[in-house]
Amino acid sequence: MVLKINGLTLALGEREGLLTVRVASLLGLPDGAIADIRVIRRSIDARRTRPPRFVYLLAVRLTDGVDWRSAPERERAGISVTEEVDKPDESRGASSGSAVFERRPVVAGCGPAGLFAALTLAEKGVSVLLLERGRAVPERLADVRAFWEQGILNPESHVHFGEGGAGTFSDGKLTSRVKNPFTSRVKRVLVDMGAPADILVDARPHIGTDRLREVVVNLRKRLIGLGGEVRFGACVTDFRIHKGGLVGIVVNNSEEIRTDHLVLAIGQSAADTYWKLAERGVALAPKPFAIGLRVEHPQELINRIQYGRWAGHPDLPPADYFLTAKVKALNRSCYSFCMCPGGQVIGCSAEAGGVITNGMSRLRRESPWANSAVVVNVRTEDLGGEGPLAGLAFRRHWEEIAFLAGGSDYCAPAERLTDFLSGKNHSPIGRCSFLPGVKGAELRDVLPPFVVEGLKRGFAEFERKMPGFITEEAILIGVETRTSSPVRITRGEDGQSINLTGLYPCGEGAGYAGGIISSALDGIRAAERLILSLGGQAGRRG
Ligand SMILES: Cc1cc2nc3c(=O)[nH]c(=O)nc-3n(C[C@H](O)[C@H](O)[C@H](O)COP(=O)(O)OP(=O)(O)OC[C@H]3O[C@@H](n4cnc5c(N)ncnc54)[C@H](O)[C@@H]3O)c2cc1C
């Protein structure tokens with residue numbers, strides 16, 4: 001029999017080996033009654049007013065004939081114990097079959113959505129072609145370094161474009177609000193490809209950019225091992241359409257590839273591809289998103305605020321936070337987003353003449369800095385432009401303003417949080433982690449007034465929730481514009497574009513996902529729908 005035990009805790013300094021003793025004592029079990037204990041989820045309960053502790057969800061296998069129900073209920077206060085019902089493992093996916101594609105399906109984009117779509121197809125025996133406009137990890141790394149160290153931007157190979165997509169230079173947080181049985185499958189694949197096994201149990205799992213770079217290369221090798229083909233430096237530049245159906249694509253403005261099935265997983269930064277889709281009449285719609293700034297604090301200060309006097313305990317990871325504020329006066333919300341403990345703020349320019357910020361960290365999260373985006377929601381009616389692509393022009397405008405304010409060399413405009421709030425002093429900026437570099441500026445000039453106002457009120461609320469957040473030590477860096485896609489490539493229930501058969505838009509760029517896990521899940525879904533379109537079965541064509 002297997003029990004699920006939720007809410008058992010360990011104090012700082014206690015080791016997981018103690019869990020067996022704790023479970024036995026909780027349930028009044030004799031020696032030898034527990035055959036096996038597996039951690040399903042581990043989280044930290046840190047409330048400042050009491051010592052932080054680790055909280056566990058466990059699967060406990062008992063030896064045959066053991067009676068666990070006789071333990072007194074009072075000993076289980078705050079802990080739930082239930083018998084696990086055997087369920088089929090949905091995360092394993094549908095069975096493979098043997099139907100045949102007339103022409104080879106193509107996946108555009110080697111981010112999480114494209115990679116997992118291609119893998120799903122390949123695992124079902126489909127010979128798939130994966131096209132990526134950027135470069136493979138080693139070459140891409142050199143391009144990104146040239147940008148961070150010398151301000152040289154390669155417009156086809158940067159933090160957004162290249163193997164692994166936008167997540168390769170990230171914190172690799174794997175949190176997702178989506179409840180989906182395939183989430184554990186995605187995580188298992190990532191572990192098989194080199195991610196730390198902790199991601200299977202941690203409530204806030206993360207991989208880190210250093211490990212992610214290895215993982216995405218291994219994913220590519222696995223895809224090739226399954227019969228897939230991967231081409232870098234291959235940008236889908238046009239779409240061939242006949243009677244409302246896709247019949248082919250153009251690569252790099254020169255090569256024609258005949259295909260009836262394209263999984264379009266291009267992320268949210270391929271403005272040129274969006275424009276081409278619009279030109280070809282593919283249904284697009286504007287979508288709300290959010291913009292703002294990055295805030296960076298010393299990590300030690302965040303630890304002190306979150307952990308109180310227990311800050312610095314070797315069992316505690318660098319603390320994080322998630323803060324929200326309703327800005328009633330503006331009828332908007334302000335919130336922290338993509339917080340990177342022990343990380344670094346990075347320049348993520350995607351087009352010449354624009355500055356964009358974001359955050360990244362290594363697996364060990366060992367830097368002395370904590371950063372997070374702080375953003376205010378933007379509605380489609382704020383965009384002030386016509387048509388579905390108005391959001392692209394809107395964010396591009398503020399990225400250009402930030403570029404000018406930063407000195408026109410890809411340094412970012414930056415200001416102390418206290419100066420931004422007071423609007424008076426402009427003290428020199430202290431140290432911050434941003435690459436390629438920062439230049440002092442008044443950040444109220446680099447964002448629309450409603451965002452500036454929303455941020456100011458939001459920070460005041462953050463200070464109430466997390467006293468000490470507003471400090472001279474906090475630096476703001478701008479601008480954060482790529483929280484999610486401002487465009488949706490409208491698709492129907494069958495996963496296809498509503499007016500172009502054979503086009504399967506998915507991932508963040510399609511406007512139906514955001515973040516590594518949800519984009520990967522959306523890629524899997526796209527591949528499965530594509531297979532369903534053939535009657536539910538897929539296979540390799542000779
Ligand atoms: C710096 C940074 C840090 C982040 N941190 C996190 C984090 O910690 N956790 C998290 O969950 N999310 C994070 N994100 C967001 C996350 O990376 C994205 O949500 C996710 O990568 C989206 O996946 P995707 O596959 O839909 O698109 P992308 O990852 O953007 O991949 C799209 C790919 O398509 C390629 N492409 C574009 N156009 C074409 C074309 N026409 N032809 C061929 N290829 C094309 C691009 O080069 C790119 O490689 C971060 C993003 C950034 C930029």
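The values are calculated or read from the model by the stated rules, or taken from the named source; none is laboratory data. Predicted model only: the values in this text are computed from it and were never measured. Note: ideal-geometry Cβ built from the backbone for every residue, glycine included; neighbour counts use all protein chains shown. Note: accessible area is taken over every heavy atom of the protein model, side chains too, but ligands, DNA and RNA are not part of it. Shrake-Rupley method; radii C 1.70, N 1.55, O 1.52, S 1.80 Å.
When 171, 202 are screened for being touching a helix residue (DSSP H, G or I) at 6+ places or on another chain (Cβ under 8 Å) and of a type in the set (Asp, Glu), only 171 passes. Taken as a whole, region 218-238 holds at least one residue that is over 29 Å from residue 358 (Cα atoms), within 12 Å of the ligand (Cβ to nearest atom) and open to solvent by less than 40 Å² (accessible area, probe 1.4 Å).
Specify which of the listed residues (205, 196, 181) is at negative phi, more than 8 Å from the ligand (Cβ to nearest atom), open to solvent by less than 10 Å² (accessible area, probe 1.4 Å) and of a type outside the set (Gly, Ala, Ser). The conditions single out 205. For region 405-432, a tally of residues being at pLDDT 95 or above, of a type outside the set (Phe, Trp, Tyr) and surrounded by 15 or more Cβ atoms within 10 Å (Cβ to Cβ) returns 13.
From the list 187, 179, the one residue that fits, being outside the structural domain of residue 412 (by TED's automatic domain parsing) and part of a loop (DSSP other than H, G, I, E, B), is 179. Looking across region 367-402, the residues that are among the hydrophobic types (A, V, I, L, M, F, W, C) and either not in a helix (DSSP H, G or I) or not assigned by TED's automatic domain parsing to the domain that holds residue 473 (or both) come down to 369, 370, 373, 374, 375, 376, 378, 383, 389. Residues that are in contact with a Gly (Cβ under 9 Å, 6 or more places away or on another chain), at negative phi and in a loop (DSSP other than H, G, I, E, B) within region 154-168 comprise 156, 158, 159, 160, 161, 163, 168, listed in sequence order. I'd like to check something: does region 156-177 contain any residue that is surrounded by fewer than 20 Cβ atoms within 10 Å (Cβ to Cβ), modelled with pLDDT of 95 or more and closer than 21 Å to residue 251 by Cβ? There is at least one residue in region 156-177 that is surrounded by fewer than 20 Cβ atoms within 10 Å (Cβ to Cβ), modelled with pLDDT of 95 or more and closer than 21 Å to residue 251 by Cβ. For region 484-530, a residue qualifies if it is over 18 Å from the mean Cα position of the chain (by Cα), farther than 18 Å from residue 275 by Cβ and surrounded by fewer than 24 Cβ atoms within 10 Å (Cβ to Cβ), and the qualifying residues are 491, 492, 493, 494, 495, 496, 498, 501, 502, 528, 529.
The set of residues from region 26-60 being part of a loop (DSSP other than H, G, I, E, B) and either farther than 15 Å from residue 9 by Cα or acidic (Asp, Glu) (or both) comprises 28, 29, 30, 31, 32, 33, 48, 49. Among the candidates 526, 513, the residue that is more than 10 Å from the ligand (Cβ to nearest atom) and assigned by TED's automatic domain parsing to the domain that holds residue 108 is uniquely 526. From the list 249, 266, 241, the one residue that fits, being near the ligand (Cβ under 10 Å from one of its atoms), in a strand (DSSP E or B) and assigned by TED's automatic domain parsing to the domain that holds residue 192, is 249.
Table: residues versus (1) modelled with pLDDT of 90 or more; (2) crowded, with 18+ Cβ neighbours inside 10 Å.
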position: 6; (1), (2): yes, no
position: 15; (1), (2): yes, no
position: 49; (1), (2): no, no
position: 58; (1), (2): yes, yes
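Selection of region 119-174 for residues being farther than 18 Å from residue 208 by Cα, within 9 Å of the ligand (Cβ to nearest atom) and among the acidic types (Asp, Glu) yields 132, 156. With respect to the conditions (1) more than 30 Å from residue 246 (Cβ to Cβ); (2) open to solvent by 10 Å² or more (accessible area, probe 1.4 Å); (3) charged (D, E, K, R); (4) under 20 Å from the mean Cα position of the chain (by Cα), residue 294 lacks only one, and its number is (2). Reported count of residues in region 288-313, each being over 14 Å from residue 48 (Cβ atoms) and modelled with pLDDT under 95, is 1. Taking the criterion of being under 25 Å from the mean Cα position of the chain (by Cα) and within 16 Å of the ligand (Cβ to nearest atom), would at least one residue in region 439-453 satisfy it? Taking every residue of region 439-453 in turn, none turns out to be under 25 Å from the mean Cα position of the chain (by Cα) and within 16 Å of the ligand (Cβ to nearest atom).
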